[in-house]
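A short reminder: the numbers here are calculations on the coordinates, not readings from a lab. These numbers were taken from a predicted model, which means no experiment stands behind them. Positions of Cβ are backbone-derived with ideal geometry, glycine not excepted, and every protein chain shown enters the neighbour counts.
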């Protein structure tokens, strides 16, 4: 009888132990799910804010935030690149699809222009020492990088945004570029010996008699 009671008590302890472990596992799962649900959605208030957040996400390798800062068109473009290059979407997006994010520290930002749901900023590309005019769209309540929209030709189709400083300076420098000195006079030399000689005109001229018009007989 004592042996039977001990056996029953042992099984009861096992049941309680399994119940405690199961409860802890469930609580941990609920906690992780709650943390995932509690993660804030990224909402950039301007194109400049969007780029700053994108740069920080790239450096932190935060793929979820990078995706949230991409327009639907940009995600579609990244998906096509991933399929062609046989890479994952996260691998294609790891540098944010733009060159200035390669810089070890965030570079200068200027010339923010906004019109309706379209915006642009100029960001210094330190690697190539030039300015990049990056496009952004207001989508789902936040500004997002619109590289895919620009590629598809759907970004600012009416071209309402003014030109950036870099574009204006480039156009001005092209207009002021001097014409090469040989641009007009750079014709091939003519060799006199290669010209076809025309025989001289004879001084003797032949007279041609014009027949007189006969009057009709009456």
Expected unfolding gain across residue 172-residue 126 under the 0.36 nm per residue rule, minus the alpha-carbon gap, is 14.3 nm
At q = 0.15, 0.19, 0.23, 0.24 Å⁻¹, the log10 of I(q)/I(0) for region 71-180 from a Debye sum over equal Cα scatterers comes to -0.75, -1.08, -1.32, -1.36
per DSSP, antiparallel bridges as share of beta bridges in region 47-175, % nearest 5, sits at 95
Most packed first (mean Cβ within 10 Å per residue), the peptides 150-156, 95-101, 85-91 order as 95-101, 150-156, 85-91
Place a point 7 Å from the Cα of residue 103 in the direction of its beta carbon; the residues of region 132-154 whose amide N falls under 16 Å from it are 132-135
The extension gain from residue 114 to residue 158, computed as 0.36 nm times the residue separation minus the Cα-Cα distance, is 14.5 nm
Per the rule of 0.36 nm per residue minus the C-alpha distance, extending residue 46 to residue 90 adds in nm 13.4 nm
